[in-house]
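Q: The structure follows.
The values are calculated or read from the model by the stated rules, or taken from the named source; none is laboratory data. In this text, all values refer to a predicted model and were calculated from it rather than measured experimentally. Virtual Cβ from ideal backbone geometry, glycine too; neighbours counted across all protein chains shown. Ligands, DNA and RNA are excluded from the accessible area calculation, which covers all protein heavy atoms including side chains. Shrake-Rupley method; radii C 1.70, N 1.55, O 1.52, S 1.80 Å.
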Amino acid sequence: GIEYIDSYVFNKAEYIRFNSTVGKFVGYTEYGVKNAETWNKGSVLARELGELERFCKHNADIHYSAVLDKT
């Protein structure tokens, strides 16, 4: 399967992450937790899920085909 992770970092510390396996944003700091709660309720989550479909699955099919062609 494909796993898409989008991390947000400030001052070298990850404060929030979207993980497609979890299917939502998870906060790692007080600020990140507050953002995750907000982002999971609105259009930000829908946009992130759209990126999984638009970018990851499309490109995975291309790369998977290239690997199969070489074997």
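Q: How do the pairs read when you match residues in the stretch 19-31 that are more than 18 Å from SER43 (Cβ to Cβ) with residues anywhere that are hydrophobic (A, V, I, L, M, F, W, C) and at pLDDT below 95, using Cβ under 6 Å and keeping only pairs 6 or more apart or on different chains?
A: Pairs that qualify, where the first residue is more than 18 Å from SER43 (Cβ to Cβ) and the partner is hydrophobic (A, V, I, L, M, F, W, C) and at pLDDT below 95, are ASN19/ILE5.
Q: If I go through the stretch 4-44 residue by residue, how many of them are closer than 24 Å to PHE55 by Cα, touching a strand residue (DSSP E or B) at 6+ places or on another chain (Cβ under 7 Å), open to solvent by 60 Å² or more (accessible area, probe 1.4 Å) and assigned to a loop (DSSP other than H, G, I, E, B)?
A: Within the stretch 4-44, residues that are closer than 24 Å to PHE55 by Cα, touching a strand residue (DSSP E or B) at 6+ places or on another chain (Cβ under 7 Å), open to solvent by 60 Å² or more (accessible area, probe 1.4 Å) and assigned to a loop (DSSP other than H, G, I, E, B) number 0.
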